[in-house]
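Worksheet: one structure, shown below.
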Amino acid sequence: MKDDRRVILETEDVIRQYHQYDAVVTAVQRASIRVFEGEFVAIIGSSGSGKSTFLHLCAGLDRPNSGTIKIRNNEITKMSPDDLGEFRGKNIGMVFQNHNLIPQFTALENILIPTLMCNRPEFSYEENLKKLITTLDIADRLHHLPSELSGGQQQRVAIARALINLPQIVFADEPTGNLDRANADEVLRLLLETKEVLGQTLIMVTHDMDIARQADRVFKMDNGFITPWHISKE
Amino acid sequence: MDHRSAFKEDERAWNESQQKRNTNDGKLRSRLVWRRLKTATKTVFLNFKEYASFFAALFIIQSLIWLLCFTTTTNIAREREMIEQTYDYHFIIDNLTVSDVAWLENTLTLKDFQTARSYEWYKFVPPDDTKDFYSLQVRLAKGSEQSTFIEYYLTRNGIDASYLEITSTPLQTYEEEYIGNNINDAVLTGIILTVLSIAVLMALFSIRLNHYKFMYGIYMTCGAGFRRLFSSSIWEMMVIACTTILLSGVTSFAVCAVMYSTVNVSITWWMIPAVLLLNFIIVYLAVRVPTRALSRKTPVSLIVAQDNSNLVSSPRRSFKIFNKSFPYHYELFTSWRFRKYFAKTLITSILFAAIFLCTVYIGHMKKTDEAVMGPEFIAYVDVGDVDLTGTDEKYFTILDVIDVMDEAQREALESLDGVNYTKWTNETSASSVNSHILIGSDITGGQEYSVGASGIENGYNRASNMYNYTALDKHYIDTLCGLYDVEGDPYAVLEDSNKIVVSDTLYNEAAFAFKPGDRVLAARLIHGALDQSDYLYFSGNEILKKQLEKCDYEYKEYEIAAVIHGAQASDSFIVGMSYIEYFDFTDVTHVRGDIKIFIEQGLDSSLSESLLNSIRKGLDSYVGVYGMDVRIQRNFRMLNDELVSARHTYGRMLIIAVLLLLLSPVVWFFSQLLFYFKREKEINILRMFGARETQLRKLYSFAGLIMAALASVVTVILGYLSSYGIYKLFNNILLEYGFVSGTKYEFFISVPALVISIAVSVLCGFLSSYIPYSVGKTRREREAARQLSKEN
């Protein structure tokens, strides 16, 4: 049957190896997936299975040893560091598990970093910022340093930072890993809400089966191998 | 529509938006520049402490550049003034007869009416009791040339210039030689200083990038590429550079004024663009290279190194810290973990202390150069035209006559007021007479100064022609014995024609292992010659190899009577023999080479001209004997020495050395403060688990002591190695490739400079480790007091 959906992310035989002293550790082994526009894809797997590494590779934050990664048909593995940086700034949003906010910047400054790095005159940042801080409920914490925010608030700031440039694809690396149930549900709700509103694609690494159940498709990573995984919605 | 077509459409839209953006960028460029300047200024001044090291480094770098410009222009201006005080004319024509003068006066007057004058003024100096001829001093008009004057006024009027002595004064050669020397010196020093400045600024910037890796990782995650990172950094550095440029200029001006003891420090228009340009090049390269390297890394690798973990070298296995003492063992282990970081910091910062020592050494070398005496005059006794036709005398037989004359002349010259000593040299290179010597392989030190000659004579299997045959007399031997260490009896060559004196040095290095009593074979060409093309395609040892193959030689065995050790030498050593033997063996047709006349140091250069006349008178007795003639060349050495001494080269080198030394603390403190700032989390964890304040103070002090001890050792090692490198570079390497003259320098480390550099390194090593503790403690106490007052 012909599939009319547009492929936004396509990986083929991606391999990532690390050299640790004399040993070679293969974190990702011949990973091939295809993600369609507007999808919510979850990647599950045990600790050390290579989920985060694979996500970083897909987001262009790391380079594979071999294989190809295409986003919107652009082969990011062949891009120069500069082109990749610009591409990342315009198309990709990234949410880390441990927020990775710059400690000496306020919440607002952290959110606005992508706008400094990647100026897109066709967008109205002010309007988008207003929408985001209202949706994420961080309006009263904008001028606080990360150290003055709770874990949930820090993660919301990180989400706002990932979304400020209206990226087409958002990668989230266990965004709820450090949060309690209530905060985790709230963060997921926000991510899904903005995904729906903005028509984004969301690719999330998670341990949480409840979250994985809400995804359109699930992949499982095991020892670096990625395979489609069926998970009961019940 | 399938997804491939959709992507193409998408791609088109993307490209259009890119083009639109580029157009907008063009329109907004001027606003963007202003915005970036404003942002950079705010960033730099609101975070002044963070950028203090860059302020200090750029101030020092700019001071160095300013200093170079001020001293160069001041030297050029002062030297011209000094030259004009002694020589206000461009050249002098000697040996003019009365009829020449009459012709010239006529012509000069007549031509004045016909053409534009090529001279400003001229003056005839009449004969006096020291000379029998007229001299003409000429000051040329601006833009005129000496050759044009001679062609126009002398040659065209039938005055034969070949018997005249035309000497250019330093005023004439000023632009070619003196300005050239100053400019060459400044350009060379400028290049070295630029390289050093780029190195220090790059080191500081790399330290900064390394410590802020996490932040740059986040920037890159959010879309920043090299251009974005570079543009923000370069603007910040440019703002700092613009802030310090004026202050450094004023400081350097003041330093120069003190050094020259005058406020008349010369300033020219080209200084400002030169300083700005050099400054831009330094900042641009120092920022660009590390930023480019950083931008090539993946954001993930930068983000994971958000603490000092990226500076840790893995110990491979855990330390057995059970039952070990705190803080001493703890800090020792920590130092080992951070060994690569410490090594880099030590070498980078102490490198400038080593460069300080090297600069002092180079200053010392310049002093040695200035102390080397050169002859004020060189008299050439021309015996090339000796005419013995019509007499029964052979060339050989007149040697005795000339020797007697030499002795009389020498006494006459050396008795003149102001003459220090004379040096009568007569030598010819072995290659010019197609000769060489054969020596045993145990004598030659290195393969590069000789070629294999096996099969020619048993035991003498190496051949060399890198020497001069030198005619020795008692006077010359006395001079050699006074200057160098001579082993054996050199005077024996005067008695025995089978004995020679040799030196063992090439390129200021011992190259041969001659001993008195050794025997060598000297070659005399019987027949055979190389093709002209051989001389085109081959040189040095290759020519000698060809000669050994193609020519026939007869050999004479000589015994080495004495060896001269450590003689200053470039590409030739000495094979000395008596005058008779020299003439007999080399078949050189003329006997006398030249007479170098050295003047007492400190003599006023204005006396040079009157002394020249006396010398000319003194050498008069040669003229006409067997058709001989004497030519005297002025070297203006006294004036040159006065000019060189007025340059304050040593003082300038010392100031440059001190400024370079000041870069060392900048690197020390910048690196260490950032390092300990990031170690605060570790220290707070230790505090949380019960570390007492005294223990922590000891920890920092101990870390400081380790660094101080290492710093002193590294300073001595680096200082010695770099000074030795400079010694080899100037004494042998540059000499071998023809970049410097054959001055021989002694290996030298200034003890006071070494003590200063060790003191600076030790203090910086200790304080840069201890100060973060005292700063942190003060901050904690202030914080506690603030909280307490809040609670109350």
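Taking segment B:267-287 as the region of interest, how many residues are open to solvent by 60 Å² or more (accessible area, probe 1.4 Å) and in contact with a helix residue (DSSP H, G or I) (Cβ under 6 Å, 6 or more places away or on another chain)? Working first, answer last.
Narrowing segment B:267-287 to residues open to solvent by 60 Å² or more (accessible area, probe 1.4 Å): B:267, B:269-270, B:272-273, B:276-277, B:280-281, B:284-285.
Filter again for in contact with a helix residue (DSSP H, G or I) (Cβ under 6 Å, 6 or more places away or on another chain), leaving B:285.
Counting residues in segment B:267-287 that are open to solvent by 60 Å² or more (accessible area, probe 1.4 Å) and in contact with a helix residue (DSSP H, G or I) (Cβ under 6 Å, 6 or more places away or on another chain) gives 1.
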Self-check item: Entirely in segment B:441-560, the strands (runs of 3 or more DSSP E) that have 2 or more residues that are aromatic (Phe, Trp, Tyr) and open to solvent by less than 50 Å² (accessible area, probe 1.4 Å)
Solution: B:467-472
Quiz item: In this structure, does B:Glu120 turn out to be closer than 30 Å to B:Leu247 by Cα, of a type in the set (Asp, Glu) and surrounded by 14 or more Cβ atoms within 10 Å (Cβ to Cβ)?
Solution: no
Self-check item: Test: A:Glu127 is modelled with pLDDT under 85 and surrounded by fewer than 19 Cβ atoms within 10 Å (Cβ to Cβ)
Solution: yes
Quiz item: Somewhere in segment B:363-373, is a residue open to solvent by less than 20 Å² (accessible area, probe 1.4 Å) and at pLDDT below 80?
Solution: no
Exercise. Please find, within segment B:616-645, the residue that is least open to solvent (accessible area, probe 1.4 Å) out of those that are part of a loop (DSSP other than H, G, I, E, B) and modelled with pLDDT of 80 or more.
Key: B:Phe636
Quiz item: If we keep just the residues of segment A:39-52 that are within 14 Å of chain B (Cβ to nearest Cβ) and within 30 Å of A:Val197 (Cβ to Cβ), which is most open to solvent (accessible area, probe 1.4 Å)?
Solution: A:Ser52
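Evaluate the following for B:Asn732: is it part of a helix (DSSP H, G or I), in contact (Cβ under 8 Å) with a residue 12 or more places away in the chain and out of contact with any helix residue (DSSP H, G or I) (no Cβ under 8 Å at 6 or more places or on another chain)?
Working: part of a helix (DSSP H, G or I): yes; in contact (Cβ under 8 Å) with a residue 12 or more places away in the chain: yes; out of contact with any helix residue (DSSP H, G or I) (no Cβ under 8 Å at 6 or more places or on another chain): yes.
Taking the combined requirement at face value, the residue satisfies it.
Does segment B:183-199 contain any residue that is in a helix (DSSP H, G or I) and in contact with a Phe, Trp or Tyr (Cβ under 7 Å, 6 or more places away or on another chain)?
Applying the first criterion (in a helix (DSSP H, G or I)) to segment B:183-199 yields B:183-199.
Then keep just the ones that are in contact with a Phe, Trp or Tyr (Cβ under 7 Å, 6 or more places away or on another chain); that gives none.
Within segment B:183-199 (the criterion being in a helix (DSSP H, G or I) and in contact with a Phe, Trp or Tyr (Cβ under 7 Å, 6 or more places away or on another chain)), the answer is no, since none of the residues qualifies.
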Quiz prompt | Pair list, Cβ under 7 Å, 6 or more apart: segment A:185-198 residue more than 18 Å from A:Asp173 (Cβ to Cβ), other residue open to solvent by less than 70 Å² (accessible area, probe 1.4 Å) and outside any helix (DSSP H, G or I) | solution = A:Leu198/A:Leu166
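List the helices (runs of 4 or more DSSP H) that sit entirely inside segment A:88-207 and contain at least 1 residues that are in contact with a Pro (Cβ under 9 Å, 6 or more places away or on another chain). Talk me through it step by step, then tell me what you get.
Numbers: elements: A:107-117, A:125-136, A:151-163, A:181-198.
Passing ranges, in order: A:107-117, A:151-163, A:181-198.
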Practice problem: Filter segment A:64-112 down to residues that are within 9 Å of another protein chain (Cβ to nearest Cβ) and of a type in the set (Asp, Glu) and give me whichever is least open to solvent (accessible area, probe 1.4 Å). | Solution: A:Asp82
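Looking at B:Asp88, B:Asp94, can you tell me which residue is in contact (Cβ under 8 Å) with a residue 24 or more places away in the chain, surrounded by 17 or more Cβ atoms within 10 Å (Cβ to Cβ), of a type in the set (Asp, Glu) and out of contact with any Gly (no Cβ under 7 Å at 6 or more places or on another chain)?
B:Asp94
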Practice problem: Just need a number here: residues in segment B:225-260 that are at the interface with chain A (Cβ under 9 Å from one of its Cβ atoms) and without any contact (Cβ under 8 Å) to a residue 24 or more places away in the chain. | Solution: 2
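With the structure loaded, tell me whether B:Ser233 is assigned to a helix (DSSP H, G or I), closer than 30 Å to B:Ser645 by Cα and among the polar types (S, T, N, Q) or whether it fails that test.
Working: assigned to a helix (DSSP H, G or I): yes; closer than 30 Å to B:Ser645 by Cα: no; among the polar types (S, T, N, Q): yes.
In short, no.
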Quiz item: Does segment B:214-228 include one or more residues that are among the hydroxyl-bearing types (Ser, Thr, Tyr) and surrounded by fewer than 20 Cβ atoms within 10 Å (Cβ to Cβ)?
Solution: no
Quiz prompt | Residue satisfying all of: in segment B:721-739; open to solvent by 50 Å² or more (accessible area, probe 1.4 Å), farther than 14 Å from B:Ile362 by Cα and of a type outside the set (Asp, Glu); farthest from the chain's Cα centre (by Cα) among these | solution = B:Leu721
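A quick yes/no check of all residues on (1) over 30 Å from A:Gly67 (Cβ atoms); (2) open to solvent by 10 Å² or more (accessible area, probe 1.4 Å):
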| position | (1), (2) |
| --- | --- |
| A:Val157 | yes, no |
| A:Glu186 | yes, yes |
| A:Glu193 | yes, yes |
| A:Met204 | no, no |
| A:Ala215 | no, no |
| A:Lys220 | no, yes |
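Hey, can you tell me all the residues within segment A:134-151 that are more than 16 Å from A:Pro103 (Cα to Cα) and either free of Cβ contacts under 8 Å to residues at least 24 places away in the same chain or of a type outside the set (Val, Ile, Thr) (or both)?
Narrowing segment A:134-151 to residues more than 16 Å from A:Pro103 (Cα to Cα): A:134-140.
Of everything in segment A:134-151, those that are more than 16 Å from A:Pro103 (Cα to Cα) and either free of Cβ contacts under 8 Å to residues at least 24 places away in the same chain or of a type outside the set (Val, Ile, Thr) (or both) turn out to be A:Thr134, A:Leu136, A:Asp137, A:Ala139, A:Asp140.
The values are calculated or read from the model by the stated rules, or taken from the named source; none is laboratory data. These numbers come from a predicted model, not from an experiment. Neighbour counts run over all protein chains shown; Cβ positions are idealised from the backbone, glycine included. Calculation scope for accessible area: heavy atoms of the full protein, side chains included, ligands and nucleic acids excluded. Shrake-Rupley method; radii C 1.70, N 1.55, O 1.52, S 1.80 Å.
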